[in-house]
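First the structure, in the form of structure tokens, and then the observations on it.
The values are calculated or read from the model by the stated rules, or taken from the named source; none is laboratory data. Everything quoted here is computed from the prediction, not taken from an experiment. Note that each Cβ is placed from the backbone with ideal geometry, even for glycine, and that neighbours are counted across all protein chains shown.
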Amino acid sequence: MFNLRTCAAKLRPLTASQTVKTISQQRPAAPRTFHPIRCYSAPVAAEPFLSGTSSNYVEEMYYAWLENPKSVHKSWDIFFRNANAGAAPGTAYQSPPPLSSSLSSLSQAQFLVQAQPNVDKLVEDHLAVQSLIRAYQIRGHHVAQLDPLGILDADLDSSVPADIITSTDKLDLAVFKERLRVLTVGGFYGLDESDLDKVFHLPTTTFIGGNESALPLREIIRRLEMAYCQHIGVEFMFINDLEQCQWIRQKFETPGIMQFTNEEKRTLLARLVRSTRFEEFLHRKWSSEKRFGLEGCEVLIPALKTIIDKSSEKGVDYVIMGMPHRGRLNVLANVIRKELEQIFCQFDSKLEAADEGSGDVKYHLGMYHRRINRVTDRNITLSLVANPSHLEAADPVVQGKTKAEQFYCGDTEGKKVMSILLHGDAAFAGQGIVYETFHLSDLPSYTTHGTVHVVVNNQIGFTTDPRMARSSPYPTDVARVVNAPIFHVNADDPEAVVYVCNVAAEWRSTFHKDVVVDLVCYRRNGHNEMDEPMFTQPLMYKQIRKQKPVLQKYAELLISQGVVNQPEYEEEIAKYDKICEEAHARSKDEKILHIKHWLDSPWPGFFTLDGQPRSMSCPSTGLNEEDLTHIGQVASSVPVEDFTIHGGLSRILKTRGEMVKNRTVDWALAEYMAFGSLLKEGIHIRLSGQDVERGTFSHRHHVLHDQNVDKRTCIPMNHLWPNQAPYTVCNSSLSEYGVLGFELGFAMASPNALVLWEAQFGDFHNTAQCIIDQFICPGQAKWVRQNGIVLLLPHGMEGMGPEHSSARPERFLQMCNDDPDVFPVSGAQPDPLLTPRGALPGPDLPHKAEGWGWPRMGSVRRDVMPSCPHQQRGAAGRALSHAGSTKAQLSPVLCSVCPPVLWEGAAGGWGGSRGCVPGAAGPSGAAVPRHPLTHTC
């Protein structure tokens, strides 16, 4: 921007905010009225009275005039008005009239001011330019060139927003000029076509100027189009945090910010070669096999590796991933770095399974691997969670596992452990579990401090057109509910993709919030390699048949730029092809399929390398009476000083104390003692679910609330022992599907923890049935997965209706039964699975706290119990033993892999778990209906 020559720094056009800031530094604060100053682009001639020695004087005069034009001489008033109004260089100054002159002479001296453009018009023009800039920031993504095929708009709308002046491919030149005329002359912005070459001061809410504070309107529009209307579409203006918005603007608006070195371009090309040639190799070797290849979105591999590289650079050393089936083998091979021969041998139908169970298809399997990140030279652990066919079901599981790993390593801010979730466009828009998972993202007991979501946007769901599959413009609109920025990017522009992924990783590291990368791509084949997509999408697939692969496009670009030459490119291809061929040859030597080698959450301290338990011993679960008394006393007190509890709660705690003195317990106190004893042994306990802190029936009260201080709480369970394990009890959001998935993921991380999810009533686990059916019941058979999740399901026919009361335990039997010819039924000879308490007598085992009046549990005869091939005693089993009976110590057949299920009576009484017969007494000793035993192996 140009100003008066000898005081350019003093008289430059200022925005109101800049003027306020400058004057506040120079003069005492006082009410001021400021007039925006018009910029002009012609060279400036020196005014006759200006010199280097007079600049300070002129500056003071200028500030005084800004505050009150009448405070300076009329000649100065005329001069500053002329300068503001855009007077030609050298003409702003008018000599003051002589003392003898008449008022008419003074009026003639002011003629120039009156002839200049109105100051109000200048203000309106600058405001119009600011509105235009904001329009691009808000709606520029609607005209971004995102579809690699060029046949469909990513937002499902071919129109151009009415407040954007754009010359993109959506408009030809004639239409552009007409839009410009409509939006300018007397139109939306009130600008004239001649204003395109005028210089406008830039607001503080844009970075398109770089080091320049003013630009011609034509250049402003060009730079806005470069930032928001090319191959990247940025959705962020709904975020209600100014710092975050400014951060994003700076990342995408700064001129020339998206630059890559030649070395970075060569690395990107090499990663594209591996991604593309891997799929081509599989196609050549197994052309008739389903593999759900990545063709059409090969850039996903460089994208994920970029996110991991940048995150590793920022200090992350553990990345947990979840994804659907498309591209999973490629991710396993080129991101996780699973041995290629282990992947290739999955295609051999003659392999014998070394592990029991059904196994699962190769594109559902997970993996755990620790390796060196070659970019940062730091160790990084990568875990890809196994996924069922229900595409988004793994989302909360990944988040729960991430939270657990953060918890166990003391990572309270998510700086060491993070999650990456991959999604398909149709599932991301259509599955409610996506919304449930997002809503856990910022809750204190569930946050993982930011997740990077990557959407493989094929622009089709199986055979369903996106225009029939969603009501929102984009499949990613669900992310707006948590203020997550959304970066749409054309997947045929690898450099744009890598840049966006770098920004996404930096965002997560900086703000610890979720972020979404929408890779707008296409699916070169059908839903799978055997599917014919031309039946339903003929026009799309005609274009896809013509589409040049992204590797070929990018290689030609780099060759034309001189970054690589043709021999180097061909050598890179040949090198990776050789790696694949050698791995394929080695895979033929594999005769046995080891599913345990594909574990996503191994328990090295619990199992040996060949998957066998390290110990089959069952430690004593008995307790000293002193310990029980101590736990009971803490449970009936407030261990924090100056803490006021509710009067009704005081009576409840007093009743607890009396029970301890009388050596009796109810359900709530029994649970307290069981949990407390485990905490003493260093076993972490996490109890989650709706209203679990108080308890649905106002019986638990594990979190006390100060009646006088907001948000001041006390958890007595964390005041039991000096070196105890922490106890986490947290009310969940009103979600069953998402929260149970989260807790299942949390329980995957370690066997030395008791993780419980409680449903409020029997039917509350109906909406969590997907997690039970897809993960809990078949997890061992499909993935040899170990998990110790415990489900607390209130159960009892107390008159609230069959569906509200019953947890339908028979479902578990049905789900876990893989023999179609055998089903447990009650007959003349009672089946041990369905026998009520008392029908299977067993010897009472001695216990240290003899004589306590605990609800007695039935004993179990091991010779009639169904055997579980992976019997183990873990934290969950010990908890059941502690809570069960001090007179009759339990010996349940507990499985460390499949979770036990506790059936809780309507009044709080509870039944057994896998291997123990249901109980028959509630907290007050009242009888509750007997229920069948459930064994969930």
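Give, as residue ranges, the helices (runs of 4 or more DSSP H) completely inside the stretch 210-315 that count at least 1 residues that are more than 19 Å from R139 (Cα to Cα), touching a Lys or Arg at 6+ places or on another chain (Cβ under 6 Å) and in the same structural domain as E506 (by TED's automatic domain parsing). Can you show your working first?
Numbers: elements: 217-228, 242-253, 262-285, 300-313.
Once the helices (runs of 4 or more DSSP H) in the stretch 210-315 are filtered for at least 1 residues that are more than 19 Å from R139 (Cα to Cα), touching a Lys or Arg at 6+ places or on another chain (Cβ under 6 Å) and in the same structural domain as E506 (by TED's automatic domain parsing), what remains is 262-285, 300-313.
Of all residues in the stretch 541-557, which are touching a residue at least 40 places away in the same chain (Cβ under 8 Å) and buried (at least 19 other Cβ atoms within 10 Å of the Cβ)?
Pass one, the stretch 541-557, residues touching a residue at least 40 places away in the same chain (Cβ under 8 Å): 543-544, 547, 549-551, 553-555.
Matches in the stretch 541-557: I544, V550, L551, Y554, A555.
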Residues located in the stretch 766-804, provided they are buried (at least 19 other Cβ atoms within 10 Å of the Cβ), over 17 Å from L599 (Cβ atoms) and either modelled with pLDDT under 85 or outside the structural domain of M748 (by TED's automatic domain parsing) (or both)
C777, L793, P794, H795, G796
Suppose we filter the stretch 641-653 for residues that are in contact (Cβ under 8 Å) with a residue 40 or more places away in the chain and loosely packed, with under 15 Cβ neighbours inside 10 Å; how many remain?
2
Scan of the stretch 117-152 for residues that are closer than 30 Å to L519 by Cα, not in a helix (DSSP H, G or I) and not aliphatic (A, V, I, L, M), ordered by number:
Q145, D147, P148, G150
Please work out which one of (1) among the charged types (D, E, K, R); (2) more than 30 Å from the chain's Cα centre (by Cα); (3) more than 24 Å from R651 (Cβ to Cβ) is the condition R686 fails and give its number.
(2)
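To keep it simple, each residue is scored yes or no on (1) within 30 Å of P751 (Cβ to Cβ); (2) out of contact with any Phe, Trp or Tyr (no Cβ under 6 Å at 6 or more places or on another chain); (3) not in a helix (DSSP H, G or I); (4) not basic (K, R).
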position	(1), (2), (3), (4)
V563	no, yes, yes, yes
E571	no, yes, no, yes
A574	no, yes, no, yes
D577	no, yes, no, yes
E581	no, yes, no, yes
C618	yes, yes, yes, yes
V634	yes, yes, no, yes
T644	no, yes, yes, yes
G648	no, yes, no, yes
Tell me yes or no: at least one residue of the stretch 452-470 is in contact with a Phe, Trp or Tyr (Cβ under 8 Å, 6 or more places away or on another chain), assigned by TED's automatic domain parsing to the domain that holds H283, part of a helix (DSSP H, G or I) and among the hydrophobic types (A, V, I, L, M, F, W, C).
no
Filter the stretch 722-736 down to the residues that are among the hydroxyl-bearing types (S, T, Y), surrounded by 21 or more Cβ atoms within 10 Å (Cβ to Cβ) and under 23 Å from the mean Cα position of the chain (by Cα), then identify the one that is nearest to E405 (Cα to Cα).
S732
On the basis of being in a loop (DSSP other than H, G, I, E, B), modelled with pLDDT of 90 or more and closer than 27 Å to S650 by Cβ, does Q707 make the cut?
yes
Which one is surrounded by the fewest Cβ atoms within 10 Å (Cβ to Cβ) among residues in the stretch 654-667 that are part of a helix (DSSP H, G or I) and touching a helix residue (DSSP H, G or I) at 6+ places or on another chain (Cβ under 8 Å)?
G657
